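Okay, structure first, notes after.
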Amino acid sequence: MLAVAVLAAGKGTRMKSDLPKVLQPLAGATLVERVLASCRHLAPERQLLIVGHQAERVERSLEALGGLEFVLQQPQNGTGHAVQQLLAPLAGFQGELLVLNGDVPLLRPGTLEELLAKHRNSGAAVTLLTARLADPTGYGRVFADEQGRVSGIVEHRDCSEEQRRNTLTNAGIYCFDWAKLAAVLPLLSTDNDQGELYLTDTVAMLNPAVHLEVSDPDEINGINDRLQLAQCEAVLQERLRRHWMAEGVSFTDPASCTLSEGTRFGRDVLVEPQCHFRGATQIGNGCRIGPGCLIENSSLADGVEVLYSVLRESTVATDCVVGPYAQLRNGAHLEAGCRIGNFVEVKNSRLGAGVKANHLSYLGDADLGAKVNVGAGTITANFDGVHKHRTVIGAGSKTGANSVLVAPITLGAEVTVAAGSTLTQNVPDGALAFGRARQVVKERRQTSSPAS
Ligand code: UD1
Ligand code: CA
């Protein structure tokens, strides 16, 4: 039987934030979500989350996940004190307890598998994860012999000068035999620089204690401040970009682009500099994105081109061209071959195949049939001050430059709207609609004779 406990009760003082540390976001997911995700594939029987500082907020953020047992630690008197809170909920539990620090988010899933396997094969009372860090400042140091037997862990601030030279670092990730840990947890003392109960002190009380050293030190990066948060973000971004390059995506300037875990690319996509992909975003085969795009929770089919534009919560079918300087948002849906040009905003609208809106338009709450040509400056006036209304434009219609369509309004198919019109009434199929004052031209009478 396997139980997992994530330590997530601390305040994270060094972040200087109103947000609990474990809720800080990293490449689109919070630290605690990432830590939970790193052990999900182990299918633990129990998942316990130790919460304390802003406990309700942390619990609420994880509501959707399900299957979590929240254990309250109040006050927060150290990592050992945190794990002591499990004595009641895990009373009588037989098996391993995997303890994960809630602020160590870069673990690879395979690493925890390896840790568990090593623990089971060695029959140790505890197996902990370590790495050799070039600069282990702030981390606990692990003292182990050549056979890998661990005699103890000393926190950085409690180390002597000589002990600090040891670069074998505690990751804050442990696999315990729960019954053995439970027996020593009550023996912890606060005899250290911080006056807290340290989980790390249990290691010297457990026998045998062994460790698994990971080769990539980035995996055990802990996050205590904003600098470490940014460093972890950089590591994650690099991993994501490398992954997608290996899958056939080209980046002309990879370091200038950011991705989310939920981004998916097809083959032969070209990503130009300064492009950012967020949320659940899907980019089809052969798309060309950028430079200068933000694409969030959107789905692009094959062969789409986007240039200097923002797309959110939108879907774009094959071979559309978007931008430069366009915005699609909140349920914009483009069918195949649309062309959305500069300074055009599309919101909560469906555009049929081959629609062209090339310049300076707002299409909000609108349904456009195939091949509608939206003249420069066409606006759907969708808001009457209280409610939003829809505009419907039939297939093949053309709106002249500077048309205002006051919704609710329906234009039939093959309608032509004269430039400069403000329309408030429906227009039947095939009609030509004017809604503007007639031009008046008056000859001017000569009022004075030219100077001589
Ligand atoms: C801890 C380890 C250190 C290790 C490092 C790895 C101890 C004493 N030290 O140090 O050896 O190298 O992690 O990153 O364990 N927490 C609680 N309740 C508390 C205190 C903390 O739940 O009362 C949680 C925090 O929310 C955090 C985790 O435990 O997620 C680690 O706490 P933190 O204070 O960051 O420990 P470190 O000083 O980094
Ligand atoms: Ca930490």
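Every number here is computed from the coordinates shown, using simple stated rules; none is lab data. Here the structure is a predicted model, which means the values were calculated and not measured. Using ideal geometry, Cβ is built from the backbone for each residue, glycine included, and neighbour counts are taken over all protein chains shown.
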Proximal aspartates and glutamates relative to residue 21, as straight alpha-carbon distance under 13 Å, when same-chain residues fewer than 8 apart are discounted: 33, 103, 225
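Average the reciprocal distances over every distinct pair of alpha-carbons in the stretch 381-438, invert the result, and give the Kirkwood radius in Å.
Values: mean 1/r = 0.0886 Å⁻¹.
Evaluated over the stretch 381-438, this radius sits at 11.3 Å.
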Considering the options 234, 74, 282, tell which one lies farthest towards the positive end of the dipole of the chain, charges being +1 on Lys and Arg and -1 on Asp and Glu at the Cβ, about the Cα centre. 282
Straight distance only, please: which aspartates and glutamates reach the Cα of residue 388 with their own Cα at less than 17 Å, same-chain residues fewer than 8 apart left out? 345, 365, 367
Give me the net charge for the shell around residue 65: Cβ to Cβ below 12 angstrom, other residues only, Lys and Arg +1, Asp and Glu -1. -2
Please give the helix 226-246 orientation as an angle from the longest Cα principal axis of the chain, in degrees from 0 to 90, rounded to the nearest 10. 70 degrees
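What full-extension length gain, to one decimal in nm, is calculated for residue 204 and residue 225 as 0.36 nm per residue of separation minus the Cα-Cα distance?
Numbers: separation 21, 0.36 × 21 = 7.56 nm, distance 2.87 nm.
So the extension gain works out to 4.7 nm.
Of 347/398; 16/347; 347/371; 16/180, which ones are farther than 28 Å apart at the Cα?
Working: 347/398 20 Å; 16/347 38 Å; 347/371 18 Å; 16/180 37 Å.
With Cα atoms farther than 28 Å apart: 16/347; 16/180.
Among 308, 139, what is the fewest-to-most ranking by other Cβ atoms within 10 Å? Please list the in-between numbers first.
Working: 308 18, 139 23.
Fewest-to-most Cβ neighbours within 10 Å comes out as 308, 139.
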Rounded to the angstrom and largest first, Cα extents along the principal axes for the stretch 341-436 equal 32, 27, 20
Need one number: nm distance between label points at residue 342 and residue 194, each 7 Å from Cα along Cα→Cβ, rounded to one decimal. 5.6 nm
Please give, to one decimal in nm, the separation of the simple spin-label points placed at residue 245 and residue 40, each 7 Å out from Cα toward the Cβ. 2.7 nm
R0 of 56 Å, Cβ-Cβ distance residue 440-residue 325: FRET efficiency to nearest 0.05: 0.95
How would the stretch 284-370 be classified by its alpha-carbon gyration tensor: rounded, prolate or oblate, with rounded meaning a/c under 1.5 and the a/b versus b/c comparison settling the rest? rounded
Positive-end extreme of charge dipole, the stretch 15-92 - chosen from 90, 26, 58 (charges on Cβ): 26
Computed about the Cα centre, the charge dipole of the stretch 152-288 from +1 Lys/Arg and -1 Asp/Glu charges at the Cβ has a magnitude in debye, to the nearest 20, of 680 debye
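How much length, in nm to one decimal, is gained on full extension between residue 264 and residue 18, taken as 0.36 nm per residue of separation minus their Cα-Cα distance?
Working: separation 246, 0.36 × 246 = 88.56 nm, distance 3.26 nm.
Extra length available between residue 264 and residue 18 comes to 85.3 nm.
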Would you mind getting the Kirkwood hydrodynamic radius of the chain from its Cα pairs, rounded to one decimal in Å? 26.0 Å
So for the stretch 246-288, what percent of the C-alpha to C-alpha distances run longer than 18 Å? 15 percent
Would you be so kind as to identify which of 298, 333, 370 lies farthest towards the positive end of the dipole of the stretch 263-401, taking Lys and Arg as +1 and Asp and Glu as -1 on Cβ and the Cα centre as origin? 370
